[in-house]
């Protein structure tokens, strides 16, 4: 079995990706006549996306279901499908032409770091966002895709990762307006539960440097901690504690990578009572100690 953009699939599609940079980014298109939609179309049980997936449809149509919501992806559509989304491919037209990025978490962290953005996953909070591009906008993004694929497949390996990372910055810069709109979209047509979940993400942005207790956020929202966790699981597949830990961990990594502060000072900035407590927390969530992380980041 192989873990692909579309969940664990069988050995017959090991050749599926058109280009890949290990643990960083994978590309899919139908230049090799492979259609990943075909492998999973009509599955009775939804599969779960493992990473952030960007689907660009040049021609044709794909009908999908994302977290129970039907969606039709038409020509010139450009769609972000978030990690841990439950998804079914219902149908696609024979003339389908597309290209797909799947972005690993390490790649997204690097891009946000390059651009001076806080990688707190607020843009990854909901199941999908789709946008209709003009022909010019679509062609521009397809040209970028071709450059990324060329870098991975045919350029020298010494600086391949740096080059792909640079193109990744271009992709993210061009799509920030979509993602911003996605997170802060008009709330008139969304449920009260969705508003509460969005508010929780906003509260994490504001308070996660100091507050790590689910009760703190639940109290502000006027709901119980148990209900907040159930809400988070329903919208993202992760409970409230996991969201908080991810925010705190990402912030800790950012501060450690900057090397402006000692490990003790980073712990203090994140409101830990002692360096040893911060070290245990960091190792539990990252797998290595803060000191080891700093050494790896040199």
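Just a few scattered comments:
- FRET efficiency estimate (nearest 0.05) - Cβ-Cβ, residue 234 to residue 296, R0 25 angstrom: 0.10
- Among 85, 18, 262, the ranking by other beta carbons within 10 Å of each residue's beta carbon, starting with the fewest, stands as 262, 18, 85.
- Put a dot 7 Å past the Cα of residue 203, heading toward its Cβ, do the same for residue 160, and the two dots end up 4.6 nm apart.
- Taking a ≥ b ≥ c as the square roots of the Cα gyration tensor eigenvalues, the range 192-296 comes out prolate, since a/c reaches at least 1.5 and a/b is larger than b/c.
Read-outs throughout are calculated quantities, based only on the coordinates presented, and are distinct from any laboratory measurement. Here the structure is a predicted model, which means the values were calculated and not measured. FYI the Cβ positions are ideal-geometry reconstructions off the backbone, even for glycines, and counts take in every protein chain you see.
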